[in-house]
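Input: a single structure, listed below in structure tokens.
What follows is calculated from the coordinates using simple rules that are stated; it is not laboratory data. From a predicted model like this one, the values you see are computed outputs, not experimental measurements. Methodologically, a virtual Cβ is constructed for each residue, glycine included, from the backbone with ideal geometry; neighbour enumeration extends over all protein chains shown.
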Amino acid sequence: MHNLKVIIIGKDKIAYEGEAESLFVPTQTGIIEVLPMHMQLISALSSGEVIIKKENKETRFKVSGGVLEVRKKSNVIILADMVSE
């Protein structure tokens, strides 16, 4: 199975860079789940938690504001105004 390639970037650092099986992201229209081969998408983030799932483990980041971009080949970029673990 393919994995997502995820990068989460805050104002002053890269908070996460790696693979994921799925990703939950808070957007202004609600929480969305991103899976491998997801359609391309650009969405504004809302405040909340990004949940990265990989190998039956979860990694969580608090985010506030920013942009989610899902690109071709399962590449996901999150540019957050604020990000913390």
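Taking segment 1-54 as the range and being over 16 Å from Ile77 (Cβ atoms) and without any contact (Cβ under 8 Å) to a residue 24 or more places away in the chain as the test, the residues that pass are Asp12, Gln28, Thr29, Gly30, Ile31, Glu33, Ser46, Ser47, Gly48. In the set Glu21, Glu33, only one residue is surrounded by fewer than 16 Cβ atoms within 10 Å (Cβ to Cβ) and in contact with a strand residue (DSSP E or B) (Cβ under 8 Å, 6 or more places away or on another chain); that residue is Glu33.
For every residue, the table says whether it meets (1) of a type in the set (Asp, Glu); (2) more than 19 Å from Glu85 (Cα to Cα); (3) buried (at least 17 other Cβ atoms within 10 Å of the Cβ).
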{"position": "Lys13", "(1), (2), (3)": "no, no, no"}
{"position": "Gln28", "(1), (2), (3)": "no, yes, no"}
{"position": "Met39", "(1), (2), (3)": "no, yes, no"}
{"position": "Glu49", "(1), (2), (3)": "yes, no, no"}
{"position": "Lys54", "(1), (2), (3)": "no, no, no"}
{"position": "Val63", "(1), (2), (3)": "no, no, yes"}
{"position": "Lys72", "(1), (2), (3)": "no, yes, no"}
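For segment 65-75, indicate whether the set of residues that are in a strand (DSSP E or B) and touching a residue at least 60 places away in the same chain (Cβ under 8 Å) is non-empty. The answer is yes; a qualifying residue exists. Does segment 25-48 include one or more residues that are in contact with a Lys or Arg (Cβ under 7 Å, 6 or more places away or on another chain) and of a type outside the set (S, T, N, Q)? Within segment 25-48, not a single residue is in contact with a Lys or Arg (Cβ under 7 Å, 6 or more places away or on another chain) and of a type outside the set (S, T, N, Q).
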